[in-house]
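What follows is calculated from the coordinates using simple rules that are stated; it is not laboratory data. Small disclaimer: the values here were computed from a predicted structure and weren't measured. In this analysis, Cβ positions are derived from the backbone assuming ideal geometry, glycine residues included, and neighbour counts consider all displayed protein chains.
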Amino acid sequence: MAFLNKIRIIQVLPCIAMPNRIRFTAELDRDISEIMPYLNTVIEGAIYSHEGHNISLKKEDRMIGIQATQISAGKAIDLKDANDLLNWLKDIINETYEKRDSIKPSYERRKKLTALDVYKLLPATNCKKCGELTCMAFAVKLAAEERSVLVCSELFSGNYNEKRDVLLNTLKLSGYKVPSVFSE
C-alpha cells in the first residue's frame, strides 16, 4: 500500500509571474512531515526547513512549495500539467517512503546563493559571451538556477581556474546542479 494515496487540487488561480499559466494549491491525503528529511536528501536542489516542515524546489520553470499536508505551485501550463506535476511528486514521496531505510535523512537547510555570492567568483570581464550584458546579470540568473555555469566560457578558459574551482564547489555544497564531470 502506498504511503500517499491521493493529492487533490483545491484551488486554481492565474499565475502572477506568467498570466497565460496557472498556479494551484493541492491537498494531500496525509501529513508527510516524517518523510521530508528523506525528500531533502532525494530531491536535488530542494530547500528544506525542518522547523517549518516545508520544502521548496523548482522543476523546469515551475516553483513548488511542499508543506505537511499541502502543495502549491506556479507556472503550470494547465490542469493536465498541474496533475502531471502532482503525480510526479506523489511518486517521489511514495518511492522515498518505501526506500527510507536505505536513505540518510538530511535535516540541513540548503543555502540559497545570492547573485553577489556568485558574482564574486566570476571573471567579472563583462565579455557577453554567455548572452548576458554583464557578469552580474549572469550571476543573477545562475543564482536563480536559470542558467548553467557552463555558459561562462571565460570561467573555463584556463585563466580563472581558482575562481572556477571555488564556484563549482560552492554551487555543489549549496545543492545546485553541477555537471557530473566537475562533481567527482
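Projecting the Cα positions of Ile22, Val42, Gly65 onto the charge dipole of region 1-107 (unit charges on Cβ atoms of Lys, Arg, Asp and Glu, taken about the Cα centre) puts Ile22 furthest along the positive direction. Tell me the Kirkwood hydrodynamic radius of region 32-184 in angstroms, computed as one over the mean inverse distance between distinct C-alpha pairs. For region 32-184, inverting the mean 1/r across all distinct Cα pairs yields 17.0 Å.
The gain in end-to-end length when the Glu98 to Lys172 segment is fully stretched comes to 23.9 nm, 0.36 nm per residue minus the alpha carbon separation. Extension gain, Asp78-Gln11: 0.36 nm per intervening residue step, less the Cα-Cα distance, totals 22.8 nm.
Could you work out how far the C-alpha centroid of region 132-146 sits from that of region 155-176, in angstrom? Cα centroid of region 132-146 versus Cα centroid of region 155-176: 15 Å apart.
Computed from point charges on the beta carbon alone (+1 for Lys and Arg, -1 for Asp and Glu), the dipole magnitude for region 7-102 about its Cα centre is near 340 Debye.
Cross-linked pairs Lys6/Lys104; Lys129/Lys163; Lys58/Lys128: Cα-Cα separations exceed 24 Å for Lys6/Lys104; Lys58/Lys128. One chain, two ends: Ser56 and Met1. Fully extended at 0.36 nm per residue, the span grows by 17.1 nm beyond their Cα-Cα distance. With an a/c value of 1.5 or above and a/b not larger than b/c for the gyration tensor axes a ≥ b ≥ c computed over the alpha-carbon atoms, region 23-71 is described as oblate.
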